[in-house]
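J.: Have a look at this one before I ask anything.
The values are calculated or read from the model by the stated rules, or taken from the named source; none is laboratory data. Note that the structure is a prediction, hence the values are computed from the model and not measured. Don't worry about glycine lacking a Cβ; one is built from the backbone with ideal geometry, like all the others, and counts go over all protein chains shown.
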Amino acid sequence: MSDKGRTLLAQHGHAQNRKAPGMSWVPWIMINGVRDQEAERHLVRVLCSRYLKPVPSQCAMYGFEPTEEI
């Protein structure tokens with residue numbers, strides 16, 4: 001790894017520690033600044049059920065009724 005690569009990796013690690021102190025594995029998903037453990041296991045389901053409004057057609061394969069305009 002280059003010196004620049006090491007520097008960027010270290011900067012990312014420091015920023016990550018400020019946002020999520022105690023983070024011990026990935027994925028460590030935070031939505032709106034809050035860790036969401038359910039999203040760590042079922043990200044698409046969480047997005048389709050809570051955050052994607054209108055619900056896009058891609059969510060249908062996870063059992064959600066699309067509400068987007070065609």
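J.: Residues being more than 22 Å from Ser49 (Cα to Cα) and of a type in the set (D, E, K, R): count how many of those fall in segment 1-38.
T.: Here the count works out to 5.
J.: Does Arg41 satisfy the condition of being in contact with a helix residue (DSSP H, G or I) (Cβ under 7 Å, 6 or more places away or on another chain), surrounded by 11 or more Cβ atoms within 10 Å (Cβ to Cβ), in a helix (DSSP H, G or I) and of a type in the set (D, E, K, R)?
T.: Values: in contact with a helix residue (DSSP H, G or I) (Cβ under 7 Å, 6 or more places away or on another chain): no; surrounded by 11 or more Cβ atoms within 10 Å (Cβ to Cβ): yes; in a helix (DSSP H, G or I): yes; of a type in the set (D, E, K, R): yes.
Considered against the rule, which asks whether it is in contact with a helix residue (DSSP H, G or I) (Cβ under 7 Å, 6 or more places away or on another chain), surrounded by 11 or more Cβ atoms within 10 Å (Cβ to Cβ), in a helix (DSSP H, G or I) and of a type in the set (D, E, K, R), Arg41 comes out as no.
J.: Please determine, by comparing only the residues of segment 1-34 that are aliphatic (A, V, I, L, M) and part of a loop (DSSP other than H, G, I, E, B), which one is modelled with the highest pLDDT. Outline the logic, then answer.
T.: Taking segment 1-34 first, the residues aliphatic (A, V, I, L, M) are 1, 8-10, 15, 20, 23, 26, 29-31, 34.
Narrowing further to those that are part of a loop (DSSP other than H, G, I, E, B): 1, 20, 23, 26, 29.
Numbers: Met1: 84, Ala20: 84, Met23: 83, Val26: 75, Ile29: 90.
Applying the filter and picking the extreme gives Ile29.
J.: Pairs please, first residue from segment 9-33 and more than 20 Å from Leu47 (Cα to Cα) and free of Cβ contacts under 8 Å to residues at least 60 places away in the same chain, second anywhere and polar (S, T, N, Q) and not in a loop (DSSP other than H, G, I, E, B), Cβ atoms under 7 Å, 6+ apart in sequence or on different chains.
T.: Correct list of pairs: Met23/Gln16.
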